[in-house]
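See below for the structure under consideration.
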Amino acid sequence: MPEINDNIESDAELLQRVGWSGSGPEERHQRKRNFWVAFAFMSPAILLVSSVLLVPVGYNIYLSFTKWKKFKGLDEFAGFGNYERLSTNPFFTDAFYNTSIWVGASVLFPLILGLGLAVLVRGMLFESLFKDIIFIPRILAPTAVGVLWFYVYAPDGVVNRFLGLIAGREVDIGWLYQDNTVTPAIIVTFVWQTVGLVMVLILLGLNAIPKDPIEAAHMDGASRLQVFWYITLPLLLPTLLVVTILSVLAGFTVFDLLWVMGASYPGQRTLSLAVFQYFEAFQKGSWAFGSAIAVVLGIVVLTVTWTQAILQARVDRMIR
Amino acid sequence: MSNIEYHLDLEAIARREKKAHRGNWLAMAGTILISAIWIVPFYYLATSIFKTTEEYSLNHPLSLPSSVTPVMENAVTAWSNAKMGTGMMNSALYGFTGAALAVFIAALAAFGLSRIDFRGKNYWFMLIFAGTIFPLQMYLIPLFFLYQKFGILNTQFGMILFYTAICIPFPVLVLRNYMNGMSRDMDEAARMDGASEFTVFHKIVLPNCWGPMTATFLLQFTWIWNDLLFSTVLANRTEVRSIMNALQVFQGSYSSVGPNVVLTAAVIASVPSILLYFILRKHFMEGMRVSGA
């Protein structure tokens, strides 16, 4: 009866099943064959990611070292010329300053408000209703949000009417037309849109915290504030780290809201690095210069991500 | 354990509970206040789209509309002036094709990375994952040039190509982790019976991955639907323009129509992503969880 033999594993198969990693010629041969099978599965992803994403990144870095000649194309090597121009360009200084403000604001406000809301809403009556209300702006496209708030900030819009109600007289501040109001106004819109995600992520983090240490602390007579400060917050650190990094990256690359809401603002306050890059490349045609701005953004973003990886590892070790 | 004495001050606990209870009412009031502030822009949006341009400009922005019928006219004006039909069709095409292709290709790669044993897995994973670590700005200029060179600037094919590629790395991360956690018994049994690796993939592994695949599909679809930057740069002709691009252009030319019409356009452009969210909320939250964790 030859069929019976089919059901009995050979030694080699048994070893493979239990994860024996041999290094004999047969296993090496198997590994090699396995690699090609796996490569066949990975090849569409590798092909697309490298040709559409990674090669362009390399090309961008190359472009940033070239000089663009009108009607002639580029390819003239310029060394660090574009980067030198960056350091002396007053708009770049503006863009860098504005972006720093955006990074600070987009970390600070959503984090504080999101943490506060998460703690407030958690376990409350109608929790899911409140969560939905705060979260829904997040589903909308930044473009749609920008369009909506563009009119909310209109001189005879909702914000001015509300302030008028408090002040008792007519208020007609051009929120999106003045240097000193345009950034705070758009940051409020940004917070309105993003705090929902921050809140949901923090709630997920809070729900993952084991209940035992908190109950034990309560038993020992710790106040709610003490429990929050000494137990909940440290255990929430990994989540807060993720949220902070997401916010930093969002702040550095902010574009859509500034582009849509700053459309009729004449000054430089809405010039973030991303908007600056778009202007230089696609409106002024300074391709090489625009590439250099993108590289600067890339260096900053990679540094942030790198820092996160290191911090993450450290926090994980601390918690354990 | 048993020799630890617990001193339970029952009265103190009761006092604290009472205090916590009172705190709940304060917390409730605070939450209601914040929720109310959060709703105001939505209320403004919901009432404005029911007003005629004349009614909008004469009344308080938060006043109730006198009738609901003007919304039809607003929608028709927005639809034709902003060429929203084309935009919606394009975005639907980009969103569905791009996200579906990306998730399928990512599932293939994740299978190779998690269910087949070979050396150097991490390097291949990192190569694919490198597609998400750069800021989007680094792709804009080179892609514009390369697309121009290969004649796919301002084409639907070019847009689908980019959206598919950019949406691959994240699902690879999620699906690889998920597949790593799945039991291997069935794979091995099927392999023993002479099944090819592709059969193992689509008969055994794929049917067990619908949950995370749906979650990542939704996140990627919404990303593509909401994207403004790449449509502006790579597809700025009316016929291939995405819906968000059409909306932004329409708002820029708002002098020709009233804010009520532009706001109606914003609502129409947002309907698909809002509907998807409410229908598949569970999967969305799952997606949030995997992307946050």
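Residues in segment A:251-300 that are facing chain B (nearest Cβ under 7 Å), in a loop (DSSP other than H, G, I, E, B) and not hydroxyl-bearing (Ser, Thr, Tyr) were compared, and the one that is nearest to A:LEU63 (Cα to Cα) is A:PHE255. One residue stands out in segment B:205-217 among those that are of a type in the set (A, V, I, L, M, F, W, C) and assigned to a helix (DSSP H, G or I): the one that is most open to solvent (accessible area, probe 1.4 Å), namely B:TRP210.
A:ALA263 passes every criterion in (1) of a type outside the set (S, T, N, Q); (2) surrounded by 22 or more Cβ atoms within 10 Å (Cβ to Cβ); (3) closer than 20 Å to A:VAL147 by Cα apart from (2). The lone criterion from (1) within 13 Å of chain A (Cβ to nearest Cβ); (2) open to solvent by less than 50 Å² (accessible area, probe 1.4 Å) left unmet by B:HIS202 is number (2). Going residue by residue through segment B:183-193, is there one that turns out to be open to solvent by less than 10 Å² (accessible area, probe 1.4 Å) and among the hydrophobic types (A, V, I, L, M, F, W, C)? Scanning segment B:183-193 turns up no residue that is open to solvent by less than 10 Å² (accessible area, probe 1.4 Å) and among the hydrophobic types (A, V, I, L, M, F, W, C).
Figure legend. Inter-residue proximity from segment B:38-58: first residues within 8 Å of another protein chain (Cβ to nearest Cβ), second residues open to solvent by 60 Å² or more (accessible area, probe 1.4 Å), beta-carbon distance below 9 Å, spacing 6+ or different chains. Indicated pairs: B:VAL40/A:PHE162. Looking at A:GLN30, A:GLN16, just one residue is at pLDDT below 75, over 41 Å from the mean Cα position of the chain (by Cα), assigned to a helix (DSSP H, G or I) and surrounded by 14 or more Cβ atoms within 10 Å (Cβ to Cβ), and that residue is A:GLN16. Take the conditions modelled with pLDDT under 95, within 27 Å of the chain's Cα centre (by Cα) and crowded, with 20+ Cβ neighbours inside 10 Å and apply them to B:ALA78. Does it pass? It is true that B:ALA78 is modelled with pLDDT under 95, within 27 Å of the chain's Cα centre (by Cα) and crowded, with 20+ Cβ neighbours inside 10 Å. Mind checking which residues of segment B:35-54 are farther than 16 Å from A:GLY196 by Cα and among the aliphatic types (A, V, I, L, M)? Once the filter is applied, which keeps residues that are farther than 16 Å from A:GLY196 by Cα and among the aliphatic types (A, V, I, L, M), segment B:35-54 yields B:LEU45, B:ALA46, B:ILE49. Cβ separations smaller than 9 Å between residues 6+ apart or across chains give the following pairs from segment A:115-140 residues that are under 21 Å from B:SER270 (Cβ atoms) and modelled with pLDDT of 85 or more to residues that are among the basic types (Lys, Arg) and open to solvent by 10 Å² or more (accessible area, probe 1.4 Å): A:ASP132/B:ARG281. Kindly indicate whether any position in segment A:278-286 is touching a strand residue (DSSP E or B) at 6+ places or on another chain (Cβ under 8 Å) and closer than 16 Å to B:LEU143 by Cα. Looking through segment A:278-286, at least one residue is touching a strand residue (DSSP E or B) at 6+ places or on another chain (Cβ under 8 Å) and closer than 16 Å to B:LEU143 by Cα. Being without any contact (Cβ under 8 Å) to a residue 40 or more places away in the chain, polar (S, T, N, Q) and open to solvent by 40 Å² or more (accessible area, probe 1.4 Å) holds for only one residue in A:GLN277, A:GLN283, A:GLN268, and it is A:GLN283. Residues that are facing chain B (nearest Cβ under 7 Å) and touching a residue at least 24 places away in the same chain (Cβ under 8 Å) within segment A:45-66 comprise A:VAL57, A:ASN60, A:LEU63, listed in sequence order.
Looking only at segment A:154-181, residues that are within 34 Å of the chain's Cα centre (by Cα) and of a type in the set (A, V, I, L, M) come to 6 in all.
Against the list (1) open to solvent by 20 Å² or more (accessible area, probe 1.4 Å); (2) over 29 Å from A:PHE252 (Cβ atoms), the condition A:ASN160 fails is (1). Condition test on B:LEU153, is it more than 11 Å from chain A (Cβ to nearest Cβ), outside any helix (DSSP H, G or I) and not hydroxyl-bearing (Ser, Thr, Tyr)? Taking the combined requirement at face value, the residue satisfies it.
The residues listed here are B:ILE274, B:ILE279, B:ILE204, B:ILE224; of these, the one that is without any contact (Cβ under 8 Å) to a residue 12 or more places away in the chain and touching a helix residue (DSSP H, G or I) at 6+ places or on another chain (Cβ under 7 Å) is B:ILE274. Each residue in segment A:170-179 was checked for being touching a residue at least 60 places away in the same chain (Cβ under 8 Å) and exposed (fewer than 13 other Cβ atoms within 10 Å of the Cβ), and 1 pass. Are any of the residues in segment B:163-175 within 22 Å of the chain's Cα centre (by Cα) and small (Gly, Ala, Ser)? Checking segment B:163-175: at least one residue is within 22 Å of the chain's Cα centre (by Cα) and small (Gly, Ala, Ser).
Identify, from the list B:VAL290, B:VAL271, B:VAL240, the residue that is at pLDDT below 95, surrounded by 16 or more Cβ atoms within 10 Å (Cβ to Cβ) and among the hydrophobic types (A, V, I, L, M, F, W, C). Going through B:VAL290, B:VAL271, B:VAL240 in turn, the sole match is B:VAL290.
Among the aliphatic types (A, V, I, L, M) and under 12 Å from A:THR99 (Cβ atoms): does that describe A:ALA274? Judged against the criteria, A:ALA274 is a match.
The values are calculated or read from the model by the stated rules, or taken from the named source; none is laboratory data. In this text the structure is predicted, and so the values were computed from the model without any measurement. Neighbour counts are summed over all protein chains in view; Cβ atoms, including those assigned to glycine, are modelled from backbone coordinates with ideal geometry. Ligands, DNA and RNA are excluded from the accessible area calculation, which covers all protein heavy atoms including side chains. Shrake-Rupley method; radii C 1.70, N 1.55, O 1.52, S 1.80 Å.
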